[in-house]
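Below: the structure, in structure tokens.
Readers should treat all values here as calculations from the given coordinates under stated rules, not as data from a laboratory. What you see is a predicted model; the values in this text were computed from it and never measured. Neighbour counts are summed over all protein chains in view; Cβ atoms, including those assigned to glycine, are modelled from backbone coordinates with ideal geometry.
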Ligand code: E4P
């Protein structure tokens, strides 16, 4: 399973790389707004800086902020020209679906975002989205089962051999990642802190402490 980090922060992306687990990056307008970027030019430069951190890693999702079809395709084309690693992230709306079809015809990679239902995921696949991003955590937040949505999308995509890759988003805890891997999806995109929490086990800490104490008590 691929690990994408859901951040626009260069330090966090570098941390994930140094851990050796980074496969790609997703951003969104809220994540961009947390960084020190204050103009379109600075945002574009920031995307390029993120892309330059990607060596063997896959790609970087950059989201359009226009909601009208014509403006969306113009913006997406500009984003795609910033760097070959850019994937144009498009919300699943009427205009968004048309835009994904347009990008798909032009061989521009897309990430269909803000997906909360199987119906939306079917449409994303039909128009040739490269990735579909179902938001697990936000579904859990409103008392529905986000992982069940992932299961259903996987089943449907397998039924029809859709090529769209499932990129589980809005990951909130390590169990989300583990369950996604059991379902067999392509990738998760997650805050780096959730990746770190996969590391934690109290028996590892106490076990290591005991090994080192035993060693130090005997070996001079
Ligand atoms: C997906 O690509 C989004 O950037 C992200 O996963 C949303 O996560 P959140 O619900 O934690 O904001």
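Mind checking the angle between helix 94-105 and the chain's longest principal axis? C-alpha axes, 0 to 90 degrees, to the nearest 10.
Between the helix axis and the principal axis of the chain, the angle is about 80 degrees.
Report, in deg cm²/dmol and to the nearest 500, the calculated mean residue ellipticity at 222 nm for the chain, where each DSSP H run with n ≥ 4 adds -39500 (n - 2.57) and the sum is divided by the residue count.
Values: 11 runs with 120 residues, N = 220.
About -16500 deg cm²/dmol.
Which FRET efficiency value, to the nearest 0.05, do you get for residue 209 and residue 142 by plugging their Cβ-Cβ distance into 1/(1 + (r/R0)^6) with R0 = 41 Å?
Numbers: r = 42 Å, r/R0 = 1.02.
Computed FRET efficiency for residue 209 and residue 142 comes out at 0.45.
Using a 7 Å offset from the Cα along the Cα-to-Cβ direction at both residue 217 and residue 56, what is the distance between the two label points in nm, to one decimal?
4.3
Please compute the length gained on full extension between residue 152 and residue 98, using 0.36 nm multiplied by the number of residues separating them and subtracting their Cα-Cα distance.
17.1 nm
Per residue and in Å³, how big is the convex hull formed by the alpha-carbon atoms of the chain? Mind dumping the intermediate values first?
Values: hull volume 33.0 nm³, N = 220.
Value for the chain: 150 Å³ per residue.
I need the peptides 181-187, 120-126 ranked by packing, meaning the mean over residues of other C-beta atoms within 10 angstrom, with the highest value on top. Mind dumping the intermediate values first?
On the way: 181-187: 16.1, 120-126: 21.3.
Output ranking for 181-187, 120-126: 120-126, 181-187.
Quick check: residue separation of residue 106 and residue 175 times 0.36 nm, minus the Cα distance between them. What number comes out in nm? Spell out each step's value before the answer.
On the way: separation 69, 0.36 × 69 = 24.84 nm, distance 3.75 nm.
Using 0.36 nm per residue and subtracting the Cα-Cα distance, I get 21.1 nm.
Which of rounded, prolate, oblate describes region 82-180, given a ≥ b ≥ c as roots of the alpha-carbon gyration tensor eigenvalues and a/c under 1.5 marking rounded, otherwise prolate only if a/b is larger than b/c? Mind showing how you got there, number by number?
Values: a/c = 1.83, a/b = 1.59, b/c = 1.15.
Prolate, since a/c reaches 1.5 and a/b exceeds b/c.
In the Gaussian network model of the chain, springs joining C-alpha atoms below 10 Å, which of 133, 61, 104 carries the largest mean-square fluctuation?
104
Relative to the longest principal axis of the chain, what angle (0 to 90°, nearest 10) does the C-alpha long axis of helix 202-218 take?
In the chain, helix 202-218 runs at an angle near 30 degrees to the longest axis.
Need one word for region 167-220: rounded, prolate or oblate. Basis is the Cα gyration tensor (sqrt eigenvalues a ≥ b ≥ c); a/c below 1.5 gives rounded, then a/b vs b/c decides. Numbers along the way, then the final one.
Numbers: a/c = 4.42, a/b = 3.47, b/c = 1.27.
Note, shape of region 167-220 comes out prolate.
Would you mind calculating the gained length between residue 197 and residue 49 on full extension (0.36 nm times residue separation, minus the Cα-Cα distance), in nm to one decimal? Can you show the working numbers first?
Numbers: separation 148, 0.36 × 148 = 53.28 nm, distance 2.71 nm.
Answer, rounded to one decimal: 50.6 nm.
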